[in-house]
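Have a look at the structure below, then the notes.
Each value in this text was obtained by applying a stated rule to the coordinates, not by laboratory testing. Owing to the predicted nature of the structure, the values given are computational and were not obtained by experimental measurement.
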Amino acid sequence: MKYSIKDINKVHKTARNWLDSFLLDPVISIFFWITANFTSLTPNAVTIISLGLYIACGLLFLNGNLLLGGIAFYLGVLGDAIDGNLARLKFKPTKFGAWLDTWVDTVGQAIAAITLGYGYYLYTQNEIWLLLGGVMLFIKFHHNLESNTALKLMGDKRYKARVSEGNEGQDGIIGRIRKYLLKKYKIVENYKMR
């Protein structure tokens, strides 16, 4: 065994939202530890496996199998959460890997949004599901546009700092705005500024 749970937790970035905290974080460390210690998968291979799971999710949604489609989607998101951690632990993170990860994340979640909306429309014949699939797709693309803009504004040095070991992802524009608001409105009394 090469990597301990302590090594795994050192490079794992904690969830930034409540949904990931409850659904992903409890199992990420386990899957990450297994992948790091018992497979020879590269981070990009994990990303491609995630894409395959997103495609399976879409096919299952279109065939009306929401439970198995949801499981495939969850496993795809889990793989997407592990690949960056694996890059930081075993390999040098690359711009291509970051691009591939973002691309698969965007395409995979777009597949899920479109096929869930359309598949449920086929099942119910209610057009509201087409609209909801479109809304999910819009939210995903809007989020990616904001993220990509922030990365462009950070520049190359800030990007390297963002993917380096020990960084909790709070140094970019969003992190600065968050720190400013917390300090200005004293949301947290003992908030430690970095």
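Structure values in brief
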| quantity | calculated |
| --- | --- |
| Gained length - Ala45 relative to Tyr123, 0.36 nm times residue gap less alpha-carbon distance | 24.6 nm |
| Descending semi-axes in whole angstrom, ellipsoid equivalent of region 1-143, from the Cα gyration tensor | 30, 14, 14 |
| Given Lys6/Lys140; Lys2/Lys140; Lys10/Lys92; Lys90/Lys140, the pairs whose alpha carbons are separated by over 27 Å | Lys6/Lys140; Lys2/Lys140; Lys90/Lys140 |
